[in-house]
There are 2 protein chains.
Amino acid sequence: MTDQDNGRVKRGQRRGARGPTVADVARLAQVSPMTVSRVVNSDPKVHEATRAKVEKAIAELGYVPNLAARSLAGGRQCRIGLLHSNPSSAYLSEFLVGSNEQANAMGAQLLVEHFEEEASREALAAKLLSHRVDAVLLPPPLSDDGLLLECINRAGLVMAQVATGAPSPLAHAVTIDDEAAAYALTARLTGLGHRRIGFIGGAPNQTASALRRNGYRRALAEAGIDGDRRLETTGDFTFRSGMDCALALLSLDEPPTAIFASNDDMAAATVAAAHRMGLDVPRQLSVCGFDDTASATNVWPELTTARQPVADMAREAVRLLVDSVFDPKARAPRHVRVDFSLVLRASDATLTAPRAG
Amino acid sequence: MTDQDNGRVKRGQRRGARGPTVADVARLAQVSPMTVSRVVNSDPKVHEATRAKVEKAIAELGYVPNLAARSLAGGRQCRIGLLHSNPSSAYLSEFLVGSNEQANAMGAQLLVEHFEEEASREALAAKLLSHRVDAVLLPPPLSDDGLLLECINRAGLVMAQVATGAPSPLAHAVTIDDEAAAYALTARLTGLGHRRIGFIGGAPNQTASALRRNGYRRALAEAGIDGDRRLETTGDFTFRSGMDCALALLSLDEPPTAIFASNDDMAAATVAAAHRMGLDVPRQLSVCGFDDTASATNVWPELTTARQPVADMAREAVRLLVDSVFDPKARAPRHVRVDFSLVLRASDATLTAPRAG
DNA sequence: TGTTGAAATGGTAGCGTTAACGCAGATGAG
DNA sequence: CTCATCTGCGTTAACGCTACCATTTCAACA
């Protein structure tokens, strides 16, 4: 370098007092900026000793890569559109926290967009493209909207369905085993001695609803209980629908001694319905929910339910999407299944005496 | 540099098939890239005709600014740390949607971080700095954490408190008039003929709690009701605490005929407590909540409450923060007050007959 | 008439990072 | 001992945009 920067004030000297850059780290570690970049991106072709030197320098300066520069230089940029219609807000908040966290960690940008189910799917696709979205994240109930999936697929975007009962060949999917969870919960009720167990199903247009119903039926069958179809009702995951179904079930000639609701909101409604009819929960009626959202602990008594790790599922889905966007080889739809767990609280109990008619 | 690039195939020709750039727009509009930039950033010093030409070109090409390049070139970059401890998830989800939207619109990056109230505030400040956060967004209850505010201020970061009862001179603040909202709600109850109105206060460490209590007291006073301090209880905004307070109130020798709870979760608990004691809501007990979160409609009957426009408040707070980060002149703490509204539903009613002891 | 200066526009040099390629030195094959 | 190959690292040129001047135009003013 013949030309020293001998004090002359270059015109564009607009470098503010921002954080250290690769160049600073490189100088300190006595390597080239490129090597620093390699270390930061964990390129395997860096000598161990060099890597250590660089890492030491990084730590010393408290260097943090500049995301803007990275995505500009890398040419790569990942915008994820998160579409939500109206899942329970408890679900959404957990979902948002998880996806936001992962997106930030992976240097992706998250665009949260509300989508009215009545709105035109074509217009949506156009909107996504105009926002330069690369991938779309679909929490329920949108994850089950076949038309929407097709539409987005036609626009050439990668997608991930979260908590769907029917993973599409067009998209990544992250699910729990809904059938097994519903089975486990129902089996718990039969284990407590219940033989007349009511069921409140979720919205029929959500594929997970059917899986939960199947789990319920299998548990009954395995307990040798002859399923009474009058005990099966169908709601739409809202509190209000849960209330209607629960009132109907409890008004039967031979009412159930336990009710399994397909989500916590409907289970909470069931508890409210029981109270409305003067029944004690769990003494006279056991109730189980599903999801373990905030609703589960915002009722009295608190609900026994199946925990769905919503935030983790969102994180996983974002990971799948970002990988797909950055690496075309990772584009083949993958289906990740995460574990659920039973959360035992106070809304269910051993069957004591049949309810006095 | 003596060595010309005499025809040799330039090495780095890595421009992918990405969207149009300022240069493309400039070419089409026959202006310089700089002018395009001015138009995009709505710089006033652009002739009307030029602006129109450029805008036409932009529309024609479907140009969208590259955020990465913008923040890199501008040197400006705004990272907002959103700290949340454990507000109700219904509140959080609305808050997240609003802040995310605004942050994206203004080209800021949102980092959502959970903060345990027991955790060290110093460690947090260090963490924020190491994440290169420029501003901090504080929803309740963190917006009332004085130590936290001081700590963040000491780290030299801009802050915004949302829904605090005591705007700090160190931070921006976005609030509603809690006192007036509580007054309005309580006045509605007195208007319905109630004279024994119970009160369930929020967590004492949240300044809004006191304001709501004041509103309640003022309404009683103006209705000529002699406040009975036994009717005032203190919860902590959780369902469980609401349950405890409600049970205590309803077990008084002379129980109230209406209860005003300082948030919807506690109001929902009050409804549950009433049902538990065999009271009909609203016939035997009127209940009012506060916030209009999802909890308000996830009980039966649905709650009359005061609506706090959480998403709007989050948006406004983000706007204040981003402005402050980009423009030091806008750094002087500002206090924005947004309007609340009363949402009348089914949980309150005219006082009919005094409750049968 | 020349001067001033504000308004409107253009030219250029970066911002911090990485892709693509270059180039030594080490290793292995023939 | 030469040629091909691989390792490890450096050099250069983008990425798309905007800050910082410089320049032009044209009206107002001395």
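If I ask for residues that are under 18 Å from B:SER262 (Cβ atoms) and at pLDDT 95 or above, which ones from region B:144-162 would you list? Before the answer, list the steps.
Going through region B:144-162, the residues under 18 Å from B:SER262 (Cβ atoms) turn out to be B:144, B:162.
Listed by number, the list holds a single entry, B:VAL162.
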Condition set open to solvent by 10 Å² or more (accessible area, probe 1.4 Å) and closer than 17 Å to B:ALA103 by Cα, scope region B:75-91, selection nearest to DNA strand D (Cβ to nearest atom): answer is B:ARG76
Enumeration of residues in region A:166-191 that are surrounded by fewer than 24 Cβ atoms within 10 Å (Cβ to Cβ) and closer than 22 Å to A:LEU252 by Cα
A:THR190
All positions within region B:274-319 that are aromatic (Phe, Trp, Tyr) and modelled with pLDDT under 95
B:TRP300
Filter region A:39-55 for residues that are loosely packed, with under 11 Cβ neighbours inside 10 Å and more than 12 Å from DNA strand C (Cβ to nearest atom); the one that is farthest from A:ALA105 (Cα to Cα) is A:ALA49
Considering only residues that are part of a loop (DSSP other than H, G, I, E, B) and more than 16 Å from A:CYS288 (Cβ to Cβ), look in region A:202-224 and name the one that is nearest to the chain's Cα centre (by Cα).
A:GLN206
Which residue out of B:GLU122, B:GLU117 is surrounded by fewer than 20 Cβ atoms within 10 Å (Cβ to Cβ), more than 16 Å from DNA strand C (Cβ to nearest atom) and part of a loop (DSSP other than H, G, I, E, B)?
B:GLU117
Which of the residues belonging to region B:167-200 are touching a strand residue (DSSP E or B) at 6+ places or on another chain (Cβ under 9 Å) and more than 30 Å from B:ALA346 (Cβ to Cβ)?
B:PRO167, B:SER168, B:LEU170, B:ALA171, B:HIS172, B:ALA173, B:VAL174
Among the numbered criteria (1) farther than 18 Å from A:ILE200 by Cα; (2) surrounded by 18 or more Cβ atoms within 10 Å (Cβ to Cβ); (3) over 15 Å from the mean Cα position of the chain (by Cα); (4) acidic (Asp, Glu), which single criterion is violated by A:ASP327?
(2)
All positions within region B:56-89 that are without any contact (Cβ under 8 Å) to a residue 12 or more places away in the chain and within 13 Å of DNA strand C (Cβ to nearest atom):
B:ALA68, B:ALA69, B:LEU72, B:ALA73, B:GLY74, B:GLY75
By residue number, the members of region A:56-72 that are more than 9 Å from chain B (Cβ to nearest Cβ), open to solvent by 30 Å² or more (accessible area, probe 1.4 Å) and not charged (D, E, K, R) are A:ILE58, A:ALA59, A:LEU61, A:TYR63, A:PRO65
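Does A:ASN263 count as touching an Asp or Glu at 6+ places or on another chain (Cβ under 6 Å) and assigned by TED's automatic domain parsing to the domain that holds A:LEU279?
The answer is yes for A:ASN263.
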Yes/no for B:GLN102 being more than 9 Å from chain A (Cβ to nearest Cβ), over 19 Å from B:PHE237 (Cβ atoms) and touching a helix residue (DSSP H, G or I) at 6+ places or on another chain (Cβ under 8 Å)
yes
Which of the numbered conditions does B:VAL322 fail, given that it passes all the others? Conditions: (1) in the same structural domain as B:ALA171 (by TED's automatic domain parsing); (2) modelled with pLDDT of 95 or more.
(2)
A:ARG70: passes all of (1) within 16 Å of DNA strand D (Cβ to nearest atom); (2) in contact with a strand residue (DSSP E or B) (Cβ under 9 Å, 6 or more places away or on another chain); (3) modelled with pLDDT of 85 or more but (2)
Does at least one position in region A:229-237 carry a residue that is touching a helix residue (DSSP H, G or I) at 6+ places or on another chain (Cβ under 9 Å), buried (at least 23 other Cβ atoms within 10 Å of the Cβ) and modelled with pLDDT under 95?
yes
Would you point out the residue of region A:125-142, among those that are hydrophobic (A, V, I, L, M, F, W, C) and in a helix (DSSP H, G or I), that is modelled with the highest pLDDT?
A:LEU142
Quick one: what pairs do we get from region A:226-252, first residue farther than 19 Å from A:GLY215 by Cα, second assigned to a loop (DSSP other than H, G, I, E, B) and open to solvent by 30 Å² or more (accessible area, probe 1.4 Å), C-beta under 6 Å, 6+ apart or different chains?
A:PHE239/B:ASN298; A:MET243/B:TRP300; A:LEU250/A:MET277
How do the pairs read when you match residues in region B:23-39 that are more than 14 Å from chain A (Cβ to nearest Cβ) with residues anywhere that are within 6 Å of DNA strand C (Cβ to nearest atom) and not in a helix (DSSP H, G or I), using Cβ under 8 Å and keeping only pairs 6 or more apart or on different chains?
B:ALA26/B:SER32; B:THR35/B:VAL46; B:ARG38/B:LYS45; B:ARG38/B:VAL46; B:VAL39/B:VAL46
Can you confirm whether region A:74-81 contains a residue that is within 11 Å of another protein chain (Cβ to nearest Cβ), modelled with pLDDT of 90 or more and under 30 Å from A:VAL136 (Cβ atoms)?
yes
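The values are calculated or read from the model by the stated rules, or taken from the named source; none is laboratory data. The shown structure was predicted, so the numbers you read here are calculated from the model rather than taken from an experiment. Cβ sites come from the backbone with ideal geometry, for glycine too, and all protein chains shown count toward neighbours. Accessible surface areas use protein heavy atoms only, side chains included; no ligands, DNA or RNA. Shrake-Rupley method; radii C 1.70, N 1.55, O 1.52, S 1.80 Å.
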